[in-house]
1. If Lys and Arg each add +1 and Asp and Glu each add -1, what is the summed charge of the other residues whose beta carbon sits under 15 Å from the beta carbon of Arg69?
2. With n ≥ 4 as the cut-off for DSSP H runs, can you work out [θ] at 222 nm for the chain, using -39500 (n - 2.57) per run divided by the number of residues, rounded to the nearest 500?
3. Given R₀ = 22 Å, what would the calculated FRET efficiency be for Arg28 paired with Lys6, taking r from the Cβ atoms and rounding to 0.05?
4. How do Ser98, Ser18, Ser49 line up, fewest other C-beta atoms within 10 Å first?
5. Please identify the chymotrypsin sites (Phe, Trp or Tyr not before Pro) of region 1-90 that satisfy two criteria: DSSP loop assignment and at most 12 other Cβ atoms within 10 Å. Which are they?
6. Under a cut-off of 20 Å between alpha-carbon atoms, report the aspartates and glutamates in cross-link reach of Lys19, not counting same-chain residues fewer than 8 places apart.
7. Restricting to Cα pairs below 8 Å that are 6+ residues apart, what does the relative contact order work out to for region 3-114? Please round to a whole percent.
8. Cut-off is 10 Å between beta-carbons; in what order do Val37, Val8 appear when sorted fewest neighbours first?
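Any read-out appearing in this document is the output of simple, stated calculations on the displayed coordinates, not a laboratory observation. This one's a predicted model, so the numbers in the text were calculated from it and none came from an experiment. Methodologically, a virtual Cβ is constructed for each residue, glycine included, from the backbone with ideal geometry; neighbour enumeration extends over all protein chains shown.
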Amino acid sequence: MSEAEKLVLAEGRKEFRSKRSIPCTDCRYCLPCPEGVGIPRILAYCNMSEMYHAPETAAKHYAFLNEERADRCTECGRCMEKCPQHIDIISRLKEAHSHLTRPSSRPSTWWCRWKDR
C-alpha cells in the first residue's frame, strides 16, 4: 500500500470515528455478561442511531434482542472493569434501553451529550 493510500485510509478512519458517539470497538472483552446482556451489540445500535440518523431502525434491531436487552443489567460492573476503552457501560446501557424503546420521542442526536472524549 502506498503512503498516499495509507493517508486516505487514515483520514477515512478519523472521519468514521468522529461520527461514533460511543467508542466501542466490539472487542468483546466486556463479555460474557452474567445476565446475558448483549453489550457490544447494544452499543452498536446506539451508534447506528446517531451515525446514520436512524433511531427507528436501531430500535427495531434492539426489539429483537429479547434476552440480551439492556434492562437485564444488574450493574455488577464486571464489564466496566474489562473495557479497554473505559466506556461507562452501565450508564450507556440505561440510556440505550430508554431511548431504543422510545425512538420517536427523542431526536436522533441524543447521543451527542454522551461522548467519552
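1. 0
2. -14500 deg cm²/dmol
3. 0.20
4. Fewest to most other Cβ atoms nearby, the residues stand as Ser18, Ser98, Ser49.
5. Tyr52, Phe64
6. Lys19 reaches Glu11, Glu50, Glu56, Asp88, Glu95, Asp116.
7. In percent, rounded to a whole number, it is 31.
8. Val8, Val37
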